[in-house]
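Notes follow the structure.
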Amino acid sequence: PCSGSGTLRRVPDLRYTIDKELIDKYSELQLQILETCYSKLEKDGELVYSTCSFFQKENDDVISSFLVSHGDLTCVNLEDRLVGLDIDLDKIHFTKCGIMTLTNKTNTDGFFISILKRVE
């Protein structure tokens, strides 16, 4: 669950329903979901986190907050993962903890993707 702000080009009415309280609510829920998934993550296991949101609070901020309380996790370098794939890296926006697809560059919805790896 997320604000869905990455789908604004297809659902323009969303701009009237998204507010700070909604983003705060989803951010907290996203942290709870990550916590539930974390308990099932084995050593060297990877957890994929993705939203269709443009908001940093639902994306990098959620991941950064989660990493603070889970020292055995690290962000996977997604640029390394994308090399060799048939993806134009100039169309990808790299963030602190992941990547974003931007509608004006990819002609798709906006998505955020982060992969966390358990290292201990």
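In table form, for the structure just shown:
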| quantity | calculated |
| --- | --- |
| Single unsatisfied condition, TYR49 versus (1) hydroxyl-bearing (Ser, Thr, Tyr); (2) within 15 Å of GLY4 (Cα to Cα); (3) assigned to a helix (DSSP H, G or I) | (3) |
| Boolean, LYS43 is under 19 Å from GLY6 (Cα atoms), charged (D, E, K, R), touching a strand residue (DSSP E or B) at 6+ places or on another chain (Cβ under 8 Å) and surrounded by fewer than 16 Cβ atoms within 10 Å (Cβ to Cβ) | no |
| Scope the stretch 96-120; condition among the polar types (S, T, N, Q) and assigned to a loop (DSSP other than H, G, I, E, B); matching residues | ASN107, THR108 |
| Total residues in the stretch 9-32, condition within 25 Å of LEU78 (Cα to Cα) and either surrounded by fewer than 13 Cβ atoms within 10 Å (Cβ to Cβ) or modelled with pLDDT under 95 (or both) | 2 |
| Members of the stretch 62-77 that are surrounded by fewer than 20 Cβ atoms within 10 Å (Cβ to Cβ) and either among the hydroxyl-bearing types (Ser, Thr, Tyr) or within 9 Å of the chain's Cα centre (by Cα) (or both) | SER64, SER65, SER69, THR74 |
| Output for the stretch 79-95, where each listed residue is modelled with pLDDT of 95 or more and not in a strand (DSSP E or B) | THR95 |
| The one condition in (1) in a helix (DSSP H, G or I); (2) touching a Lys or Arg at 6+ places or on another chain (Cβ under 7 Å) that LEU41 fails to fulfil | (1) |
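The values are calculated or read from the model by the stated rules, or taken from the named source; none is laboratory data. Remember, predicted model here, so these are calculated numbers, not experimental data. Neighbour counts run over all protein chains shown; Cβ positions are idealised from the backbone, glycine included.
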